[in-house]
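S.K.: Take this structure, written in C-alpha coordinates, and hold onto it; I'll ask about it next.
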Amino acid sequence: MSRKVFIAGNWKMNKTAAETAALCQALKEKFADVCPCKADVAVCPPFTSIATAIAELKGSNIKVGAQNIHWADNGAFTGEISGAMLKELGVEYVIIGHSERRQYFGETDETVNKRIQAALKYDLKPIVCIGETLEEREGDKTEAVLEKQIKGAFSGISADDFKKIVIAYEPVWAIGTGKTATPDMAEATHAFIRKVLAGLYGALAEETVIQYGGSMKPENSRELVAQPDIDGGLIGGAALKADSFHDLVKNAIG
Ligand code: PEP
(Lines give C-alpha, C1' and ligand atoms only; values in the text may rest on other atoms or scores of the structure.)
Protein backbone atom coordinates (compact mmCIF):
# COMPACT_ATOMS: atom_id res chain seq x y z
CA MET A 1 0.00 0.00 0.00
CA SER A 2 1.41 3.41 -0.83
CA ARG A 3 -0.52 6.60 -0.30
CA LYS A 4 1.03 9.79 -1.58
CA VAL A 5 1.30 12.67 0.86
CA PHE A 6 -1.22 15.41 0.07
CA ILE A 7 -1.03 18.81 1.72
CA ALA A 8 -3.55 21.55 0.96
CA GLY A 9 -3.72 25.12 2.19
CA ASN A 10 -7.13 26.46 3.16
CA TRP A 11 -6.82 30.22 2.90
CA LYS A 12 -10.34 30.79 4.25
CA MET A 13 -11.49 34.44 3.81
CA ASN A 14 -7.96 35.74 3.33
CA LYS A 15 -6.06 37.21 0.37
CA THR A 16 -7.44 39.62 -2.19
CA ALA A 17 -6.60 38.93 -5.82
CA ALA A 18 -3.54 41.20 -5.61
CA GLU A 19 -2.36 39.48 -2.43
CA THR A 20 -3.02 36.12 -4.06
CA ALA A 21 -0.79 37.02 -7.01
CA ALA A 22 2.06 37.95 -4.68
CA LEU A 23 1.69 34.83 -2.53
CA CYS A 24 1.47 32.54 -5.56
CA GLN A 25 4.61 34.03 -7.09
CA ALA A 26 6.46 33.36 -3.84
CA LEU A 27 5.01 29.84 -3.58
CA LYS A 28 5.96 29.02 -7.16
CA GLU A 29 9.58 29.92 -6.47
CA LYS A 30 9.75 28.21 -3.09
CA PHE A 31 8.11 25.00 -4.19
CA ALA A 32 10.45 24.47 -7.14
CA ASP A 33 12.48 22.25 -4.79
CA VAL A 34 9.52 20.04 -3.81
CA CYS A 35 9.33 17.04 -6.10
CA PRO A 36 5.75 16.31 -7.19
CA CYS A 37 6.75 12.66 -6.90
CA LYS A 38 6.88 13.07 -3.11
CA ALA A 39 3.76 15.10 -2.38
CA ASP A 40 0.70 16.61 -3.98
CA VAL A 41 0.32 20.23 -2.92
CA ALA A 42 -2.69 22.49 -3.39
CA VAL A 43 -3.95 25.89 -2.28
CA CYS A 44 -7.61 26.78 -1.82
CA PRO A 45 -8.10 30.55 -2.10
CA PRO A 46 -11.43 32.39 -1.81
CA PHE A 47 -13.59 32.23 -4.96
CA THR A 48 -12.61 35.77 -6.03
CA SER A 49 -8.91 34.80 -6.09
CA ILE A 50 -9.16 31.42 -7.81
CA ALA A 51 -8.63 32.68 -11.37
CA THR A 52 -5.57 34.66 -10.27
CA ALA A 53 -4.13 31.67 -8.41
CA ILE A 54 -4.61 29.39 -11.40
CA ALA A 55 -2.93 31.87 -13.75
CA GLU A 56 -0.02 32.52 -11.38
CA LEU A 57 0.60 28.87 -10.53
CA LYS A 58 0.55 27.66 -14.13
CA GLY A 59 3.62 25.55 -14.79
CA SER A 60 4.24 24.97 -11.07
CA ASN A 61 3.66 21.83 -9.05
CA ILE A 62 0.92 23.46 -6.96
CA LYS A 63 -2.73 22.73 -7.72
CA VAL A 64 -5.74 24.90 -6.94
CA GLY A 65 -8.90 24.05 -5.03
CA ALA A 66 -12.05 25.87 -3.91
CA GLN A 67 -13.49 26.12 -0.40
CA ASN A 68 -17.09 25.20 -1.19
CA ILE A 69 -19.46 24.20 -3.99
CA HIS A 70 -23.23 24.35 -4.34
CA TRP A 71 -25.13 21.20 -5.25
CA ALA A 72 -27.31 22.70 -7.97
CA ASP A 73 -26.07 23.12 -11.54
CA ASN A 74 -27.36 26.69 -11.71
CA GLY A 75 -30.40 28.72 -10.67
CA ALA A 76 -31.79 30.99 -8.01
CA PHE A 77 -29.19 30.45 -5.27
CA THR A 78 -27.92 33.94 -4.55
CA GLY A 79 -24.31 33.98 -3.43
CA GLU A 80 -23.56 30.39 -4.38
CA ILE A 81 -21.03 28.88 -6.84
CA SER A 82 -21.65 25.79 -8.97
CA GLY A 83 -19.45 22.89 -10.02
CA ALA A 84 -19.60 24.02 -13.66
CA MET A 85 -18.24 27.45 -12.66
CA LEU A 86 -15.35 25.91 -10.74
CA LYS A 87 -14.55 23.37 -13.44
CA GLU A 88 -14.45 26.05 -16.11
CA LEU A 89 -11.81 27.96 -14.11
CA GLY A 90 -9.58 24.88 -13.90
CA VAL A 91 -10.14 24.05 -10.23
CA GLU A 92 -9.07 20.52 -9.25
CA TYR A 93 -10.12 20.10 -5.61
CA VAL A 94 -12.95 21.37 -3.45
CA ILE A 95 -13.11 21.48 0.34
CA ILE A 96 -16.51 20.28 1.57
CA GLY A 97 -17.99 20.38 5.07
CA HIS A 98 -15.29 22.41 6.82
CA SER A 99 -16.18 22.82 10.49
CA GLU A 100 -16.51 26.58 10.04
CA ARG A 101 -19.20 25.97 7.43
CA ARG A 102 -20.91 23.48 9.76
CA GLN A 103 -20.67 25.92 12.69
CA TYR A 104 -21.52 29.25 11.02
CA PHE A 105 -23.44 28.36 7.84
CA GLY A 106 -25.67 25.47 8.81
CA GLU A 107 -23.81 22.77 6.90
CA THR A 108 -25.12 19.30 7.77
CA ASP A 109 -24.12 15.76 6.84
CA GLU A 110 -26.93 15.85 4.29
CA THR A 111 -25.73 19.04 2.56
CA VAL A 112 -22.16 17.69 2.69
CA ASN A 113 -23.42 14.62 0.82
CA LYS A 114 -25.14 16.77 -1.80
CA ARG A 115 -22.04 18.88 -2.32
CA ILE A 116 -19.88 15.76 -2.68
CA GLN A 117 -22.22 14.46 -5.38
CA ALA A 118 -22.03 17.80 -7.22
CA ALA A 119 -18.23 17.85 -7.06
CA LEU A 120 -18.03 14.32 -8.44
CA LYS A 121 -20.45 15.20 -11.22
CA TYR A 122 -18.08 17.97 -12.35
CA ASP A 123 -14.98 15.83 -11.92
CA LEU A 124 -13.68 17.85 -8.97
CA LYS A 125 -11.91 15.98 -6.15
CA PRO A 126 -13.68 16.51 -2.83
CA ILE A 127 -11.67 17.10 0.35
CA VAL A 128 -14.29 16.09 2.89
CA CYS A 129 -13.82 17.51 6.39
CA ILE A 130 -14.92 15.69 9.52
CA GLY A 131 -14.10 16.25 13.16
CA GLU A 132 -15.40 16.44 16.69
CA THR A 133 -15.79 19.43 19.01
CA LEU A 134 -14.02 19.64 22.35
CA GLU A 135 -17.27 18.89 24.15
CA GLU A 136 -17.76 15.76 22.05
CA ARG A 137 -14.19 14.57 22.68
CA GLU A 138 -14.49 15.18 26.40
CA GLY A 139 -17.84 13.42 26.43
CA ASP A 140 -16.22 10.36 24.84
CA LYS A 141 -18.31 10.79 21.71
CA THR A 142 -15.53 11.26 19.14
CA GLU A 143 -15.96 7.89 17.43
CA ALA A 144 -19.75 8.08 17.30
CA VAL A 145 -19.59 11.61 15.85
CA LEU A 146 -17.05 10.68 13.19
CA GLU A 147 -18.91 7.53 12.21
CA LYS A 148 -22.11 9.51 11.78
CA GLN A 149 -20.36 12.20 9.72
CA ILE A 150 -18.72 9.56 7.50
CA LYS A 151 -21.88 7.55 6.93
CA GLY A 152 -23.87 10.73 6.20
CA ALA A 153 -21.27 12.17 3.85
CA PHE A 154 -20.85 9.02 1.77
CA SER A 155 -24.42 7.83 1.65
CA GLY A 156 -25.09 6.64 -1.90
CA ILE A 157 -21.50 7.30 -3.07
CA SER A 158 -20.28 4.38 -5.20
CA ALA A 159 -16.93 2.68 -4.67
CA ASP A 160 -15.73 4.08 -8.00
CA ASP A 161 -16.55 7.61 -6.91
CA PHE A 162 -15.16 7.05 -3.43
CA LYS A 163 -11.72 6.51 -5.00
CA LYS A 164 -11.63 10.25 -5.88
CA ILE A 165 -12.24 11.38 -2.32
CA VAL A 166 -9.79 12.80 0.19
CA ILE A 167 -10.76 13.03 3.86
CA ALA A 168 -9.53 15.72 6.23
CA TYR A 169 -9.81 14.84 9.90
CA GLU A 170 -9.90 18.14 11.75
CA PRO A 171 -10.64 18.09 15.46
CA VAL A 172 -12.57 21.35 15.82
CA TRP A 173 -10.80 22.20 19.08
CA ALA A 174 -7.44 22.18 17.26
CA ILE A 175 -8.38 24.50 14.39
CA GLY A 176 -6.74 27.90 14.64
CA THR A 177 -6.20 27.45 18.37
CA GLY A 178 -2.55 26.44 18.42
CA LYS A 179 -3.65 23.19 20.12
CA THR A 180 -2.62 20.20 18.04
CA ALA A 181 -3.75 16.65 18.66
CA THR A 182 -0.69 14.69 19.75
CA PRO A 183 0.63 12.42 16.97
CA ASP A 184 -0.57 9.38 18.95
CA MET A 185 -4.02 10.81 19.50
CA ALA A 186 -4.35 11.85 15.85
CA GLU A 187 -3.08 8.48 14.63
CA ALA A 188 -5.57 6.58 16.78
CA THR A 189 -8.41 8.64 15.32
CA HIS A 190 -7.15 8.28 11.75
CA ALA A 191 -6.93 4.51 12.22
CA PHE A 192 -10.52 4.53 13.49
CA ILE A 193 -11.67 6.55 10.45
CA ARG A 194 -9.95 4.08 8.15
CA LYS A 195 -11.70 1.23 9.95
CA VAL A 196 -15.11 2.85 9.39
CA LEU A 197 -14.22 3.42 5.72
CA ALA A 198 -13.19 -0.23 5.40
CA GLY A 199 -16.63 -1.20 6.70
CA LEU A 200 -18.15 0.82 3.83
CA TYR A 201 -15.67 0.31 1.01
CA GLY A 202 -13.49 -2.67 1.98
CA ALA A 203 -9.90 -2.64 0.75
CA LEU A 204 -10.34 0.78 -0.89
CA ALA A 205 -9.97 2.30 2.57
CA GLU A 206 -6.27 1.48 2.44
CA GLU A 207 -5.91 3.78 -0.58
CA THR A 208 -7.84 6.72 0.87
CA VAL A 209 -5.76 9.76 1.69
CA ILE A 210 -6.67 11.03 5.17
CA GLN A 211 -5.23 14.45 5.97
CA TYR A 212 -4.87 15.83 9.48
CA GLY A 213 -5.90 19.44 10.11
CA GLY A 214 -5.61 21.56 13.23
CA SER A 215 -2.66 23.84 13.96
CA MET A 216 -0.26 21.87 11.77
CA LYS A 217 2.92 23.88 11.29
CA PRO A 218 6.54 23.40 10.18
CA GLU A 219 7.50 22.31 13.71
CA ASN A 220 5.06 19.42 13.96
CA SER A 221 4.33 18.34 10.38
CA ARG A 222 7.05 15.69 10.27
CA GLU A 223 5.92 13.87 13.38
CA LEU A 224 2.26 13.97 12.38
CA VAL A 225 2.74 12.84 8.78
CA ALA A 226 5.15 10.10 9.93
CA GLN A 227 2.17 8.31 11.54
CA PRO A 228 1.04 5.33 9.50
CA ASP A 229 -2.53 6.55 8.91
CA ILE A 230 -1.82 10.29 8.52
CA ASP A 231 -1.28 11.05 4.86
CA GLY A 232 -0.84 14.81 4.81
CA GLY A 233 -2.57 17.90 6.07
CA LEU A 234 -5.20 20.54 5.55
CA ILE A 235 -3.52 23.72 6.68
CA GLY A 236 -5.07 27.03 7.72
CA GLY A 237 -2.85 29.67 9.34
CA ALA A 238 0.50 28.21 8.26
CA ALA A 239 -0.61 28.21 4.60
CA LEU A 240 -0.89 32.00 4.44
CA LYS A 241 2.84 32.62 4.14
CA ALA A 242 5.07 31.06 1.49
CA ASP A 243 7.89 30.29 3.95
CA SER A 244 5.80 28.50 6.54
CA PHE A 245 3.75 26.53 3.98
CA HIS A 246 6.89 25.47 2.14
CA ASP A 247 8.75 24.48 5.32
CA LEU A 248 5.73 22.58 6.61
CA VAL A 249 5.59 20.54 3.39
CA LYS A 250 9.37 19.99 3.22
CA ASN A 251 9.46 18.80 6.84
CA ALA A 252 6.47 16.54 6.29
CA ILE A 253 8.06 14.69 3.40
CA GLY A 254 11.46 14.47 5.09
C1 PEP B 1 -8.34 24.58 8.93
O2 PEP B 1 -9.10 25.49 9.12
O3 PEP B 1 -8.60 23.74 8.05
C4 PEP B 1 -7.14 24.49 9.76
C5 PEP B 1 -6.59 23.33 9.93
O6 PEP B 1 -6.69 25.67 10.34
P7 PEP B 1 -5.35 25.85 11.23
O8 PEP B 1 -4.23 25.14 10.49
O9 PEP B 1 -5.14 27.33 11.28
O10 PEP B 1 -5.60 25.23 12.55
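The values are calculated or read from the model by the stated rules, or taken from the named source; none is laboratory data. Keep in mind the model is a prediction, meaning the values are calculated, not measured. Virtual Cβ from ideal backbone geometry, glycine too; neighbours counted across all protein chains shown. Each accessible area value is taken on the protein alone, full model and side chains, heavy atoms only, with ligands, DNA and RNA left out. Shrake-Rupley method; radii C 1.70, N 1.55, O 1.52, S 1.80 Å.
S.K.: Looking at this model, which pairs from LYS4/LYS125; LYS179/LYS241; LYS195/LYS250 are more than 27 angstrom apart at the alpha-carbon?
M.R.: LYS195/LYS250
S.K.: For region 43-130, what is the accessible area per residue in Å² when the probe is 1.4 Å?
M.R.: Counting only protein heavy atoms, the per-residue value for region 43-130 is 44 Å².
S.K.: Continuing with the same structure: Given a 1.4 angstrom probe, what's the average accessible area per residue across region 135-232, in square angstrom?
M.R.: Normalised by residue count, the accessible surface of region 135-232 is 45 Å².
S.K.: With every protein chain left in place and a probe of 1.4 Å, what is the accessible surface of TRP173, to the nearest 10 Å²?
M.R.: Rounded to the nearest 10, that gives 30 Å².
S.K.: How much of the DSSP bridge set in the chain is antiparallel, in percent, rounded to the nearest 5?
M.R.: 0 percent
S.K.: Under unit Cβ charges (Lys, Arg +1; Asp, Glu -1), what dipole magnitude, rounded to 20 debye, does the chain have relative to its Cα centre?
M.R.: Its charge dipole is roughly 500 debye.
S.K.: Sticking with this structure for a sec: Counting only protein heavy atoms and a 1.4 Å probe, tell me what percentage of region 53-160's accessible area is made up of carbon and sulfur.
M.R.: Looking at region 53-160 in its full context, I get 49 percent from C and S.
S.K.: Turning to a different aspect of this structure: Once you treat every alpha carbon in the chain as an equal point and sum by Debye, what is log10 I(q)/I(0) at q = 0.07, 0.09, 0.11, 0.16 Å⁻¹?
M.R.: The Cα Debye sum returns log10 ratios of -0.21, -0.35, -0.53, -1.21.
S.K.: Given points 7 Å out from each Cα along the Cα-Cβ axis, report the ASP33 to ARG3 separation in nanometres with one decimal.
M.R.: 2.8 nm
S.K.: Is region 151-197 best put as rounded, prolate or oblate by its Cα gyration tensor, with a ≥ b ≥ c the root eigenvalues, rounded for a/c under 1.5, and otherwise prolate when a/b is larger than b/c, oblate when not?
M.R.: Prolate.
S.K.: Can you list residues whose amide H is under 5 Å from GLY233's amide H, if they're 5+ apart or on another chain and H is modeled 1.01 Å from N?
M.R.: Hits under the 5 Å cutoff: PHE6, ILE7, ALA8, TYR212.
S.K.: Here's another thing I want to ask about it. Putting +1 on Lys and Arg Cβ atoms and -1 on Asp and Glu Cβ atoms, find which of CYS24, THR48, ALA72 reaches farthest to the positive end of the dipole of region 1-156.
M.R.: It is CYS24, whose Cα lies furthest towards the positive end.
S.K.: In this model, which of LYS58/LYS148; LYS114/LYS141; LYS58/LYS217; LYS12/LYS58; LYS12/LYS163; LYS28/LYS87 are farther than 31 Å apart at the alpha-carbon?
M.R.: LYS58/LYS148
S.K.: Let me ask something else about it. Any idea what the alpha-carbon Rg over 2.2 N^0.38 Å comes to for region 57-104?
M.R.: 1.30
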